[in-house]
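Nothing in this text is a laboratory measurement; each read-out follows from the coordinates by a stated rule. None of these values were measured; they are calculated from a predicted model. Glycine gets a Cβ as well: all are built from the backbone with ideal geometry, and neighbour counts include every protein chain shown.
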Amino acid sequence: MTGAFLTGLILLLLEVVCESEPTHAGLDGVEDSHGQQGPVHLTSRWAFQLVNDSLSFSRADSFCRGRLGSLVAPDRSEDREGAAELLRQTGLRSPVWIGDPSREASKPVALSKQYLKFTALNFPTESHEGFAHVNISFPALASVSVCVRVQWSPEWNEVSTIFSYAAPVFTNEFQLRGQVDLQGRILLALIIHGKHLPYKASFPNDGEWHHVCVTWRRSGSRWAIYVDGDRKDAGSGSDTSRDIYGDGILILGQDQDSFGGNFTEPFFGNITDLNMWNASLETRHVRALNACSPATQERLFSWDVELLRRHPVVSEVPALLFCPAVHQQMELQGCGTLQVWSDRLPPSGLTDCSDLLPFICRSSKDRYLKMKRMSESQSSRPTAFMNQLMKLSNSSQPVVELSSVSQASALLDVSARALEDSRQDGGLQPADMVSLVRLLSLAADVPSEPPDGAANRSRDDVRELSRSFIAVADGLISEGDALKWRAVKEVVNGPMDVVKSIDRMVTSLSPRLMAETDRLTVHSPNIKLEVQQQKLQDGSRASSFCGPETEKHSGLDCISVPHQKIQDLHNDGFHKLTLVNTWYGSLRPPFGPEENITMVPTVTDGSQRYLGTVLGSSVISTTVLGDDQPVSMAVRFQLRHRVQNPTGAVYDPVCAFWDFDLAPEAGGWWSTKGCEVVSKQHGHTVCYCNHTTNFALLLQVYEVQRSPENEKALQVLTFIGCGVSLCGLLFTFILFIAVGVPKSDRTTVHKNLIVALGIAELLLMCSDWASGNQAACFLVTALLHLFFMASFSWMLVEGLLLWSKVVSVNISEDRRMKLYYIIGWGLPVLVVGVTLVISVDEYTADDHCWLNVKTDTIWAFVGPVIFVLAVNAVVLCRVVMVTVSSARRRAKMLSPSSASKMQTFDLTWAVTRPVLILLPVLGLTWLCGVLVHLSVVVAYVFIALNSFQGLYIFLVYAVYNSEVRNAIKRIKEKRKALSFTNCSQPTSFLPSQRAPVTSWGRSPPTPSSPETSETSGPTSSTSTSLVIKNESFRTESFVSFSLKPASGTQAINCGVGEPCCHGATVQVVGRVFSPQTSQ
């Protein structure tokens, strides 16, 4: 490894050296990978660079990523136009690679999406007679391809025939056979026109399924054998150049020593998915078939067990085969190309991905110009890091690209040493960081397959590459460089670009890293990487991965895959599990003080004011590979909090992960989808996520609005207020029942509101006692939701009833009450029922018995409450307007002198009185709840108004209610009347059946009233007046009555509170009292 290569390649990472400032939508020159000038076309947003080096599609894609760009995307009109214009200006007469939007990086997917079920044929070792005959006729074949999936029996070590085709004139016409060598491999060989080709292609005898394809064409007699998508053997030439004879017989599992018979060399194992074409397939077609992507060529035979005649010992068995193309949904028939030099050819097409073609890289215009300025600055004033690199490599000639693991390992090792040495001279500069990010991106895409004969040396290079890779990455993400990341944010997407490169590198090289071990650990000050590998079997378990232990914190940053998920992996047909775990101690995505993480606050009870969200832990990640393919799997992790609580602030942890697809242009963003908090402990939090990626804790910062003393006082006030309120509601309800308040729609609505609100407050007082039992807490939460909803529903009914009194509503009382009952009880039952069905798993809060405020469940209560308060606010405004209007009319009826004095007072009282009376019953005091986060004083006011709501209802609707007071007064009058029974003669009451319910009250005393004068003389009579209050019509009537003493008796003198026990007849309108005296 020469110094020229090392320095030339590191300079390649930043070569955007330009001769002059490019004009808008013009061409500019940049160096390609060989240091030659290449054209660049600039548009308003993008920079398109043509790279004349011919590379395969994968290498071209890697090259563009290394330049912090991508291949042009054909699905974007601006990309197509920019690339076409660049090709026209350069006059290139060759197709170029373009990006394929469906060919994205492999992402973890669900287990069930990676395997397909096939019907296979089992050839048992107990019998040598097993075979299957393909029941189709064959034409003469100028070319042929046969692909089949085989599962070799490890118990059989002799020569076996996978399939044999015999023609009537020649038996060994076309045949595929295999045998086991001393190293335990299955060696494959073809027989064509009777010529036995050598055993060279192979696959391990591991009992797994393997995809085998053989191709042949008469032109040049070219043949090839593919195993698992890769060409393992090929050749050309034969003794005869002719077609394969037609009208033959194709037999699976046996060699035909005669046409259709004399079977020998049987196959033992399983065979499925055998397909045949009368064409010679290309490599890209075979790779597509290996991934279960259908080939476009017409088949001569497609696998169908119904078209096979088999021996009785051959049975059908199910087979679960790995099919990545099913979930990747990518076109495996070729890679996209673009050409513009000929109008007769289509502008876009497909070609073999292994072909070598030039390509066009695209990056943003701002990124291109920023990198250009960095390049010019680096050329004129090399940084300390670049000086150290030149000192270590002793040359600066540009060289090509990273084409092997050894080259990448050597380059990373020199870069790591230069990085360490430059720390003493001020550390990395922004331009150095861009160079190293590009280097890591290129190294992550280095070809993973070792050259022939260099497997042992390659394994050592891979391990050295991983150590150097982590060393360079560690230097990039150290905390000291956090501010420098913001200086290059137009060029790179921050430290998460480094994380992405680490994931790609380890995932790509894991088969070679774990070739001789089941655990590999690479440790640096800020990064810990661990790779675990095991064979899956029943009862397989994976150990947890933890970050480095310290004296204060021992293993608190840990992540693990649940054991049941690993067993599911085994049950789904996977055989090998690889876990790639990484811990990042000082990873800080570049957020400025003004760049808080935007998230919805989780604490919304008003006790704290939301300030923002910060990254509050290390970052830990897991990638799960099943049979070396990424799979999606749930993980459980715990992370310790790394932010100390300052005075007056608290933190609420949120489980999150970095989603690279959330904001692609910015490199991704934090997301919480699929993650939930399992438990919160002092100093650390346990999380569960249903997928694998890079995880961290986001801490939502809140300013404490209330001290612990205030919280305690508010809790005590709430409990006392609810108790007093409950007593007030109970007494009000008892009074309504006991004193015989006249039945009306208004009293019925009052009673229902009292019942709903009373039960809700009783449940609220008991909710703390139920919080320790999950089932009891869930039940209490549902009942609280129901009865508080019912309370607000009856408050809505109160408002509607009041509106019907203020605004004439043409609806009968019976129909109106039915509607009120539907609103008051039916609507709450419906809302609570639907909420339970939709979000039963997220219904209750974590630490108390109430709805979960961290999800949308809380809106099942808040939404209806806001609606009720809005309607009742309109009703109250209407009532106030009517009251003010009435007060003005009364004022006008007064004399002008007194009207001017009384008008202000009357108007003020007309506004104040309905507000004071109606605020509690309409629930409008709950509007204070919107403002509780502003001040603790508002919280006290809110709790006082609503906790004592029952007491207020008792005072307004019981103590000072005229209906209740009149009912009590009637009871007193009745008791006075019943006092006649205390006399010597019994009293009989003869009530009229048509008399209305009345209340009695005496008129002001007059000289002739019983209270001020006596009646004398047997014939004299005294008349007086009573005021009859008819509650049904709200009117007062004056009636007269007379007291006539019986003949021979004394005058009557009934004092106040004294029974009238003398013979007298008291006659009143509608009711006659006729006391009798016994003789």
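Full extension of the chain between D846 and A666 gives 61.3 nm of extra length, using 0.36 nm per residue less the Cα-Cα distance. Relative to the Cα centre, the charge distribution of the range 829-888, modelled as +1 at Lys and Arg Cβ and -1 at Asp and Glu Cβ, gives a dipole magnitude of about 640 debye. Each residue, D814 and V686, gets one label point 7 Å from its Cα in the Cβ direction; the gap between the two is 6.2 nm. Using every pair of separate Cα atoms, the Kirkwood estimate puts the hydrodynamic radius of the range 273-321 at 12.7 angstrom. Equivalent-ellipsoid semi-axes for the range 133-289 (Cα gyration tensor, √(5λ), whole Å, largest first): 22, 18, 14. Computed from the C-beta positions of C877 and Q715, the FRET efficiency with R₀ = 25 Å rounds to 0.10. What the Cβ-Cβ distance of E376 and E81 gives, at R0 = 25 Å and to the nearest 0.05, is a FRET efficiency of 0.30.
Applying 1/(1 + (r/R0)^6) with R0 = 56 Å to the Cβ-Cβ distance of L830 and A944 gives a FRET efficiency near 0.95.
The slack in the chain from E973 to Q183, taken as 0.36 nm per residue of separation less the alpha-carbon distance, amounts to 272.9 nm. What percentage of all Cα-Cα pairs in the range 179-219 are separated by more than 15 Å? Value for the range 179-219: 49 percent of Cα pairs lie more than 15 Å apart. Remark: the range 716-866 carries a charge dipole of roughly 740 debye about the Cα centre, counting +1 on each Lys and Arg Cβ and -1 on each Asp and Glu Cβ.
Annotation: extensible slack from S886 through E298 equals 202.4 nm (criterion: 0.36 nm per residue apart, minus Cα-Cα distance).
Across every pair of non-identical alpha carbons in the range 744-819, the mean reciprocal distance, once inverted, gives a Kirkwood radius of 13.9 Å. Extending 7 Å from the Cα toward the beta-carbon at both Y960 and S70 defines two label points whose distance is 7.1 nm. Here the label points at V305 and K195, each 7 Å from Cα along the C-beta direction, are separated by 3.9 nm in the simple model.
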